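Report on the structure given below.
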Amino acid sequence: MSDLLKNIIRFALFILVQVFVLNQVPPLHRFVVPYLYYLFILWLPFTLPRVWLSFISFLFGLTLDYFMNTPGLHAAACTLIAYIRPFTINLLISQDGSDKNYPSPSVTSMGFAPYGTYVLILTLFHHGLLIFLEWMSFGSFLFFIGKLLATTGVSLLLIFLTELLFFRKEPFRTNTA
Amino acid sequence: MRNVFLFIRRYFNFLFFLTLEIISLIMLFRYNKFHEAAFASVAGEFTGRIDQKYNNIEYYFKLKGTNEDLVKENLRLRQLLKENYESPVQRNHLFYDTILDDSVKKIQRFLYLEAKVVGSAVSTQTNYLTLHRGSNQQIHPNMGVVGPSGIVGRIISVSQNFSVVMSMLNRHFTVIVKLKNTGERGKVEWDGVSPDYVLLKDIPKSAPLNKGDSILTSETSTLFPPGVLVGTVHEIIEDPSSGFYTARLKTATNFYNIQYVYVTENTQYDEQKALEDSVKKKLNE
């Protein structure tokens, strides 16, 4: 399956799962909102040009926004993490050219600790902006911090489960041979 | 000029990011104007259709609860039938002044339209419902929405076949209410804490308020017919410094499994709104 087709299917699947499964879960607490959809952006290939990365993420966030009637909210957060994604990868990836040998960020291509840090940083930025925008219209500082921490925890758990359940085989490709 | 182009080329990624970010923030903060103008109809149709597909399955699992709600509603309405009541013997009959035609004739102020709920959420701070009924079926923004057991929300945007309801569980929603017994007016909002409870405010402490009291929509509300149940008092929050009650209400509507609603149209809404706005304009002059 080509990368393009795979990502088109993922685009639709992540939106549908977020809207019709995770958003339908009865809320445990007002701070706990299960977000998983932005994992799509985390999984996009290394080789994608940065302009396309931004644009696809914007479109992806906007699609979710139309399902949730919040135009611009998730789009803003997705564009932000798409912009900082290349910097984070450059910081964390090993310098022997993993980003040339593997197609996309994963535990196999980056190693467990760097990949975990990569997920954590982007999750914090994504939720940070999302909850900050919500906090501006209503809520207190306790709301901001509490929701940021709780939601990040739940998201990390969900991502961890997704990575275990849907293990991505990352073929090692090299052009030295 | 050349330097400008070089600058743009050098920082194209950053500028592109800024543009997208600004577009999304404009969309967010100018929600109503922009949303109405640009995408409401196309996007509403698209997401509505997918919501409807999902609801076809979900509805099956909620049939039992829906049925119970409808039976309860029928029971309540049957209790109100004229035939159930015996009129006392009356010697003094009322006579209507026949010269004034209109005093006998009643005008229907609120019209009801039924609608199927195809999409709903309770887990965010700004929750919305999607109804399978839109502008082609006489729905327009600023109509009230009530369910079988109580109020639900208000219509905020419509496409041809679908409409979006701001539910009572939305931080931007307020409704004017009254106490069932004494008629003191206050307002109801949602504090975002739990989808089961909303907050009642601005009822003076001179009025009696007890746990379990019913709170109804007020006659001054332009969206909802008067006397529709909003919720019942669950707990009164003590605040000795204020002259007003703050109370937590259990919502009459169960937002988890609502499947059918009635959209209420106030036939005099435009007239009332225009009159009230004209007063405001005069005061500002």
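We did not get these values from a lab; they are worked out from the coordinates using the rules stated. Treat the numbers as computed from the prediction; the structure is a model and nothing was measured. A quick note on method: Cβ atoms are made from the backbone with ideal geometry, for glycine too, and the neighbour counts reach across all protein chains shown.
Of note:
- Estimated inter-spin distance, A:Ile9 and A:Lys100, nm [label 7 Å along Cα→Cβ]: 3.1
- Among B:Tyr269, A:Tyr83, B:Tyr11, sorting on how many other beta-carbon atoms sit within 10 Å of each Cβ, with the fewest leading, yields B:Tyr11, B:Tyr269, A:Tyr83.
- Annotation: the residues B:Leu63, A:Leu158, B:Leu20, sorted from fewest to most other C-beta atoms within 10 Å of their own C-beta, follow the order B:Leu63, A:Leu158, B:Leu20.
- Helix-only mean residue ellipticity at 222 nm for the protein assembly as shown, each DSSP H run of n ≥ 4 adding -39500 (n - 2.57), per residue, nearest 500: -15000 deg cm²/dmol
- Computed over chain A, the ratio Rg/Rh where both radii use C-alpha atoms and Rh is Kirkwood: 0.97
- Label-to-label distance for A:Phe141 and A:Asn90 is 3.4 nm, based on points extended 7 Å past Cα in the beta-carbon direction.
- Listed pairs B:Lys178/B:Lys273; B:Lys180/B:Lys211; B:Lys180/B:Lys273; B:Lys178/B:Lys250; B:Lys178/B:Lys205; B:Lys116/B:Lys178 exceeding 18 Å between Cα atoms: B:Lys178/B:Lys273; B:Lys180/B:Lys273; B:Lys116/B:Lys178
- Sorted ascending by nearby beta carbons within 10 Å, beginning with the fewest, B:Val177, B:Val228 become B:Val228, B:Val177.
- Per residue Cα convex hull volume in Å³ - calculated over the protein assembly as shown: 232
- Residues with amide H under 5 Å from that of B:Val228, placed H, sequence gap 5 or more: B:Thr217
- Net charge of neighbours whose Cβ lies under 9 Å from the Cβ of A:Thr108, counting Lys and Arg as +1 and Asp and Glu as -1: +1
- Hits among lysines - C-alpha to C-alpha of A:Lys6 under 19 Å, sequence gap 8 or more where chains match: A:Lys169
- Relative contact order for chain B, counting Cα pairs under 8 Å that sit 6 or more residues apart, in percent: 17
- Convex hull volume per residue for chain B, taking Cα atoms only, in Å³: 260
- If the chain linking B:Gln160 and B:Glu235 were pulled fully straight, counting 0.36 nm for each residue of separation and taking away their Cα-Cα distance, it would gain 22.8 nm.
- Once the Cβ-Cβ distance of B:Lys201 and A:Trp52 is raised to the sixth power relative to R0 = 60 Å, the FRET efficiency obtained is 0.75.
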